[in-house]
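Handing you this structure, nothing more for now.
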Amino acid sequence: MRTRRDGGMSLVELIVVIAIASVLGTLLTNVVISTFRTSAGTRARLADVDSVRVAMDSMTRTLRTAIAPAQLGASCAGCDAPFAAFTAAKPLAPCGVTFWANYGTAAAGQVDRPVKITYVLEPRPGGTTADLVEYRQQPDGSSGVASSWTGSISRRVLINGISYSGTTFGTGPGCATGTATSPLFRYSNSKGAPTTDVSAVRSIDIALPVRTPNVLEDATTTANTKVFLPNTAWGN
């Protein structure tokens with residue numbers, strides 16, 4: 001007499017179920033991990049984009065106030081141009097610019113002496129990242145040479161951790177050594193042509209790299225703007 005087999009799963013069936021469950025579990029885990037990574041990358045990128053936007057707004061507002069000290073009545077050596085030579089070899093550097101800004105409130109005796117502003121890319125130790133830094137020097141009431149003012153200097157980091165290489169930006173202060181393939185600053189004269197003359201600058205193109213690459217691509221993107229300098233037409 002044939003008896004009916006007790007209900008249940010065979011060992012082979014159990015192994016198959018476990019294998020399928022393992023595959024599905026692995027796939028689900030990968031999806032969850034990928035979602036979290038994408039979300040974290042997106043948040044980091046948005047934070048960096050916001051940091052670049054704030055820096056760009058700050059630089060644009062300040063650069064628009066660029067002015068020759070002589071326009072405010074100052075009489076001193078180096079007071080006839082809004083921009084100062086960044087280095088002797090490269091007065092208008094690809095990653096560094098110094099200018100006089102009709103900005104803020106001057107102290108007593110400083111009405112005719114604008115603030116000296118410098119924007120410069122400073123490599124960090126190790127040379128793979130750099131910070132975009134602002135230096136702001138208040139005028140003094142005695143020096144007759146604008147480039148040698150002795151007023152207090154403040155330092156502020158606008159963007160930190162920018163991916164840096166000498167091939168991309170150049171080397172040395174303001175990337176003034178070598179040829180920059182991706183300069184932060186490009187200078188144009190009144191006709192829109194590139195210029196290396198500090199007295200001829202009428203606009204500046206700024207290209208600030210976004211530190212975190214897009215989550216869908218490896219390439220770092222940049223934020224670009226052109227700043228026109230209304231005060232620099234003085235004397236033309």
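Looking at segment 178-198 only, could you name the residues that are surrounded by 15 or more Cβ atoms within 10 Å (Cβ to Cβ) and out of contact with any helix residue (DSSP H, G or I) (no Cβ under 8 Å at 6 or more places or on another chain)?
Phe185, Arg186, Tyr187, Ser188, Asn189, Thr195, Val198
If Leu216 passes every condition in (1) at pLDDT 85 or above; (2) surrounded by fewer than 16 Cβ atoms within 10 Å (Cβ to Cβ); (3) aliphatic (A, V, I, L, M) but one, which one does it miss?
Of the numbered conditions (1) at pLDDT 85 or above; (2) surrounded by fewer than 16 Cβ atoms within 10 Å (Cβ to Cβ); (3) aliphatic (A, V, I, L, M), the odd one out for Leu216 is (1).
Next up: Exactly one condition in (1) exposed (fewer than 13 other Cβ atoms within 10 Å of the Cβ); (2) modelled with pLDDT of 80 or more is not met by Ile33; state its number.
(2)
Considering segment 90-113 alone, what residues qualify as being touching a helix residue (DSSP H, G or I) at 6+ places or on another chain (Cβ under 8 Å), assigned to a loop (DSSP other than H, G, I, E, B), modelled with pLDDT of 80 or more and surrounded by fewer than 22 Cβ atoms within 10 Å (Cβ to Cβ)? It would help to see each step written out before you state the result.
At the first step, the residues of segment 90-113 found to be touching a helix residue (DSSP H, G or I) at 6+ places or on another chain (Cβ under 8 Å) are 90, 93-97, 99-103, 111-113.
Filter once more, keeping what is assigned to a loop (DSSP other than H, G, I, E, B): 90, 94-95, 102-103, 111-113.
So of that shortlist, the ones also modelled with pLDDT of 80 or more come out as 90, 94-95, 102.
Result: Lys90, Asn102.
Right, Asp57: within 24 Å of the chain's Cα centre (by Cα), under 30 Å from Tyr187 (Cα atoms) and modelled with pLDDT under 80 or not? Show your work before the answer.
On the way: within 24 Å of the chain's Cα centre (by Cα): yes; under 30 Å from Tyr187 (Cα atoms): yes; modelled with pLDDT under 80: no.
When the stated conditions are applied, Asp57 does not pass them.
Continuing with the same structure: Starting from segment 42-70, keep only residues that are within 18 Å of Thr222 (Cβ to Cβ), then list their pairs with residues that are at pLDDT 90 or above and not β-branched (Val, Ile, Thr) whose Cβ atoms are within a distance under 6 Å, requiring at least 6 positions of separation or different chains.
Ala55/Leu158
The values are calculated or read from the model by the stated rules, or taken from the named source; none is laboratory data. Note that the structure is predicted; figures quoted are calculated from it, not measured. FYI the Cβ positions are ideal-geometry reconstructions off the backbone, even for glycines, and counts take in every protein chain you see.
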